[in-house]
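The structure under discussion appears below in the form of structure tokens.
The values are calculated or read from the model by the stated rules, or taken from the named source; none is laboratory data. Computed from a predicted model, the values in this text were never measured in an experiment. Because the Cβ atoms are built from the backbone with ideal geometry, glycine has one as well, and the counts that use them run over all protein chains shown. Only protein heavy atoms, including side chains, enter the accessible area calculation; ligands, DNA and RNA are left aside. Shrake-Rupley method; radii C 1.70, N 1.55, O 1.52, S 1.80 Å.
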Amino acid sequence: MTGDASASLIPGDLLRHLRAIINPDHPTRYLNAALCRIGPDGQAEQIAMGRRTPDEATARTMDPDRMRVRVASITKAATAYIACALALQGGLDLDASLAEALDLRTDRAPMPNVRHLLNHTSGLRDTGGYIAEPPLTVLDLLESARFGVTEPGAYFEYCNLNYVLLGAIIERVAGDRFDRGMKRIVLDPIGARGGPNWVGVNATDRADHLPLYQRHGTEWVLEADGDGAAWEATLIWRGGRGLSLADYRPGLDTGLMSPHAGLRLTVGEAARLARLIGSDTPAAQLLRRETWRFDGSNGSWCDGLFPAYGHGITLIQGDDRIPGRLAGHAGHALGFSGGIWVNRDTGVASAYVLTGSSDLTDGSDQEAFFPPEEVALLRQF
């Protein structure tokens, strides 16, 4: 059901906050905002508001069940869930080195293992690039990757390349394309009709895409999923180009699936993903098992966004700004900012979507996902 101002899962303070940050007079001036919360009994309440594009003269009611958006790094939680499920099935060895998992012929050392990819302690950096622009393959990315900046397992630093490589490993284990594993292990169980870079998403659901605009100063610039993209293509790539998967090679062309950031979901589907990672399934329990905790010097914690990490999700507890005991993942890219979080005490799962954001990482060498507007949301989760 759709929430209103009296709904218990979406209190009035949350609604007023969302309305405030999409107000044209607010300093952030997000284009739109959506929120979905699911109680431990499975009942859901959701709201969406704002403008689909900057060109709309006035705000209009948006349907949270229809507006599907690129959820950026929230994708990593789904990719990690697949890896945990395959590990429990015996097909994926989390302690296998990157060389073993990708069948690399290399003498580079030290070599991280799969678990190090999952919890961002691989020692790899994004500085060499993590977008495999065709005809480059995932393995080509490793030629310019920075190995051994820190000893694997010793230091946390958020790295998108970790999850591009993890996606390739998943494909090698499964012997199939990444999107099919995502559908079977994550999307179908939560009743989601999304997919990575629009693969597998039908024409009707594609028509309800939410374009991503990023704010640059006083202007919004279209960054992804505009109305002019090649919507008839199997996969929508950077710049809205349409690509075919006829010659796709699992384990090599995985970058086309963007397993680090390319998943398209509605806010309700994102909340169901949050509920999945907070569930009692063996894969979710493994996902939430703490593998790293910030001790003051063993990682880049990004002003509190990453106080502790499991096998692919952030674990928050005891933060003065965010009192809840939360597990989940944030995302910020191309004007999207959002997150999926489950409160481990109350069982309430939440997802929020904001578009029209400025680039919070501009001028910084760290990921930064917690502007004050989002901290105000998380305080009530």
Next item on the list: Examine segment 256-274 for a residue that is charged (D, E, K, R) and open to solvent by less than 20 Å² (accessible area, probe 1.4 Å), and state whether such a residue exists.
Entry: yes
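Here's the yes/no breakdown for (1) more than 20 Å from the chain's Cα centre (by Cα); (2) assigned to a loop (DSSP other than H, G, I, E, B):
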| residue | (1), (2) |
| --- | --- |
| 264 | no, no |
| 286 | no, no |
| 306 | no, yes |
| 321 | yes, yes |
| 327 | no, no |
| 339 | no, no |
Checklist line | Among (1) among the basic types (Lys, Arg); (2) at pLDDT 90 or above; (3) in contact with a Lys or Arg (Cβ under 8 Å, 6 or more places away or on another chain) - the single one residue 321 does not satisfy | finding: (2)
Notebook entry, point to check: Among the candidates 278, 312, which residue alone is over 14 Å from residue 378 (Cβ atoms) and either of a type in the set (S, T, N, Q) or open to solvent by 20 Å² or more (accessible area, probe 1.4 Å) (or both)?
Noted result: 278
Next item on the list: Find all pairs meeting these conditions: Cβ atoms under 8 angstrom apart; at least six residues apart or on different chains; first residue within segment 172-192 and in contact (Cβ under 8 Å) with a residue 60 or more places away in the chain; second residue among the acidic types (Asp, Glu) and in a loop (DSSP other than H, G, I, E, B).
Entry: 172/103
Notebook entry, point to check: Conditions: (1) modelled with pLDDT under 90; (2) open to solvent by 20 Å² or more (accessible area, probe 1.4 Å); (3) of a type outside the set (Lys, Arg). Residue 142 meets all but one. Number of the miss?
Noted result: (2)
Next item on the list: For residue 119, indicate whether it is open to solvent by less than 60 Å² (accessible area, probe 1.4 Å), more than 21 Å from the chain's Cα centre (by Cα), modelled with pLDDT of 95 or more and over 28 Å from residue 68 (Cβ atoms).
Entry: no
Next item on the list: Taking only segment 281-306 into account, find how many residues are without any contact (Cβ under 8 Å) to a residue 24 or more places away in the chain and either open to solvent by 60 Å² or more (accessible area, probe 1.4 Å) or in contact with a Lys or Arg (Cβ under 7 Å, 6 or more places away or on another chain) (or both).
Entry: 5
Margin query: Looking at residue 91 and the list (1) at negative phi; (2) free of Cβ contacts under 8 Å to residues at least 60 places away in the same chain; (3) in a loop (DSSP other than H, G, I, E, B); (4) open to solvent by 30 Å² or more (accessible area, probe 1.4 Å), which single condition is not satisfied?
Written below: (2)
Checklist line | Failed criterion for residue 48 (all others in (1) open to solvent by less than 20 Å² (accessible area, probe 1.4 Å); (2) closer than 20 Å to residue 251 by Cα hold) | finding: (2)
Notebook entry, point to check: Looking at 172, 180, which is the one that is open to solvent by 30 Å² or more (accessible area, probe 1.4 Å), under 19 Å from residue 95 (Cβ atoms) and at pLDDT 95 or above?
Noted result: 172
